[in-house]
Amino acid sequence: MDGSLTYLMAAVVVLIVVVLVFVVRARRRAAARPTGVPPAARPTLDGAHRLAPGDRVRIGQREYVVSGTIRLVEGDWSWVQHLLDDASGTPHRLSVEGDGDPELELVLWTAEPGATVTPGAPTIDLGGLRYTWAETGQARYTATGETGLPPAGTMRYHDYQSGPNARLSFEAYGEEGWRVARGDLLDPADLAIRPTDDGR
């Protein structure tokens, strides 16, 4: 009898701990959501992947318009890059990688057209940061909207990383030269999506 009572009490304690963990996580997620953003505008994995030209995206305090989308496939892996326009005139893009939380990775990229660095070295110094090589590859792409690219082709890339959140990318579409961009890893809570009202 004592053994059964001990087992029952242990089971109750475990249940209480599990409930508390769920409650704490729910509160943290609620606190991390942008205030003043209607539920329909909050990010979802499907929404980030399905952005299309004309959709509006708010990242932090800045709003962007999606001008084009590039979908890339390398073997079994695929990811999306949405080209973003804002009032600054500086090219930006939002990359969406992964199949779901916690693997989802959102990175806001800012073009560095004046950068003179080239890929290949184990480390690269740029803008006061030292980036370390992460991966290299080649993917097939399809492009829609205003991307300045043919509708389909291939893209070569070199990716570098500095610390947990800073990124550096080199991309070459077709036979063109390297495009250099610096990226910042985003918390999904920093992203709000306002799709066009076209029934998608």
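The values are calculated or read from the model by the stated rules, or taken from the named source; none is laboratory data. Predicted model, so just to flag it, every value in this text is computed and none were measured. No Cβ is skipped: glycine too gets one built from the backbone with ideal geometry, and neighbour counts run over all protein chains shown. Note: areas computed on protein heavy atoms with side chains; ligands, DNA, RNA excluded. Shrake-Rupley method; radii C 1.70, N 1.55, O 1.52, S 1.80 Å.
Points to keep in mind about this one:
- Qualifying residue in the stretch 141-152 (condition: closer than 16 Å to VAL57 by Cα, open to solvent by 40 Å² or more (accessible area, probe 1.4 Å) and not in a strand (DSSP E or B)): no
- Cβ-Cβ contacts under 7 Å between residues 6 or more apart (or on different chains), taken from a first residue in the stretch 105-119 that is of a type in the set (A, V, I, L, M, F, W, C) to a second residue that is open to solvent by 30 Å² or more (accessible area, probe 1.4 Å) and outside any strand (DSSP E or B), are listed as LEU106/PRO188; ALA111/THR90; ALA111/PRO91.
- Of everything listed in (1) open to solvent by 70 Å² or more (accessible area, probe 1.4 Å); (2) at pLDDT 90 or above, the single unmet condition for HIS82 is (1).
- Scanning the stretch 160-196 for residues that are without any contact (Cβ under 8 Å) to a residue 60 or more places away in the chain, among the polar types (S, T, N, Q) and not in a strand (DSSP E or B) yields a total of 1.
- For the stretch 61-73, the count of residues that are open to solvent by less than 70 Å² (accessible area, probe 1.4 Å) and outside any strand (DSSP E or B) is zero.
- So ALA115, is it open to solvent by less than 60 Å² (accessible area, probe 1.4 Å), within 17 Å of the chain's Cα centre (by Cα) and among the small types (Gly, Ala, Ser): no
- Residues of the stretch 163-200 satisfying the condition of being of a type in the set (Gly, Ala, Ser) and under 24 Å from GLU74 (Cα atoms): ALA166, SER169, ALA172, GLY174, GLY177, ALA181, GLY183
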